Amino acid sequence: MSTIMNVVDTYPFSKFWYSNMTMQALIDMVVSLQWNKRPQHPSAVFSLEQFCIDTVMAMWHFHGGCQVGKVVDHDYKVLGVDALRVIDGSTFLQSPGTNPQATVMMLGRYMGEKILHERRSHGRK
């Protein structure tokens, strides 16, 4: 976070600065946003470590809407539907805690390999 702040504070980024708002004011604003339901610590406006603890969340990465065992089986096949699988972040019960792109890509790769293996073992290409 401090590296990012140092980079943003350089001349090449100056055209992106808010003329009426300091970096500290932006941090204070993010800490106070209403969508952030995590417990707030007064030290977050002074401590970058506490700021990151209080504000880092995966709110834009939805998960849990297509639960394994309820909507899809353990092979990610949609229950009651032929030839349809859901292989994405909606099948996660919990967020990986970071951007889930790598986790979704690994799941897709794993399931793709598994599907190819199943087809080959049944004599299909």
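The values are calculated or read from the model by the stated rules, or taken from the named source; none is laboratory data. Everything numeric here is computed off the predicted structure, so don't read it as measured data. Neighbour counts are summed over all protein chains in view; Cβ atoms, including those assigned to glycine, are modelled from backbone coordinates with ideal geometry. Calculation scope for accessible area: heavy atoms of the full protein, side chains included, ligands and nucleic acids excluded. Shrake-Rupley method; radii C 1.70, N 1.55, O 1.52, S 1.80 Å.
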>> Under 7 Å between Cβ atoms, which residue pairs at least 6 apart in sequence (or on different chains) link something in the stretch 69-82 that is under 18 Å from residue 113 (Cβ atoms) and assigned to a loop (DSSP other than H, G, I, E, B) with a partner that is open to solvent by less than 80 Å² (accessible area, probe 1.4 Å) and of a type in the set (Lys, Arg)?
In response: 76/85
> So which pairs qualify, if the first residue must be in the stretch 90-112 and closer than 15 Å to residue 76 by Cβ, the second must be aliphatic (A, V, I, L, M), the Cβ gap must be under 7 Å, and the two must be at least 6 apart or on different chains?
Replying inline: 91/68; 91/72; 107/87; 108/87; 111/87
> Before we move on, is residue 40 at pLDDT below 80 and open to solvent by 50 Å² or more (accessible area, probe 1.4 Å)?
Replying inline: yes
>> Looking only at the stretch 1-11, count every residue that is within 29 Å of the chain's Cα centre (by Cα), open to solvent by 80 Å² or more (accessible area, probe 1.4 Å) and modelled with pLDDT of 85 or more and tell me the total.
In response: 3
>> Restricting to the stretch 83-125, and then to whatever is more than 23 Å from residue 70 (Cα to Cα) and of a type in the set (S, T, N, Q), can you tell me which residue is surrounded by the fewest Cβ atoms within 10 Å (Cβ to Cβ)?
In response: 121
> Do any residues in the stretch 3-30 that are without any contact (Cβ under 8 Å) to a residue 60 or more places away in the chain have Cβ atoms under 8 Å from those of residues that are among the hydroxyl-bearing types (Ser, Thr, Tyr), where the two are at least six apart or on different chains, and which pairs are they?
Replying inline: 26/18; 30/55
>> Checking the condition modelled with pLDDT of 85 or more and among the polar types (S, T, N, Q), which residue from 55, 91 passes?
In response: 91
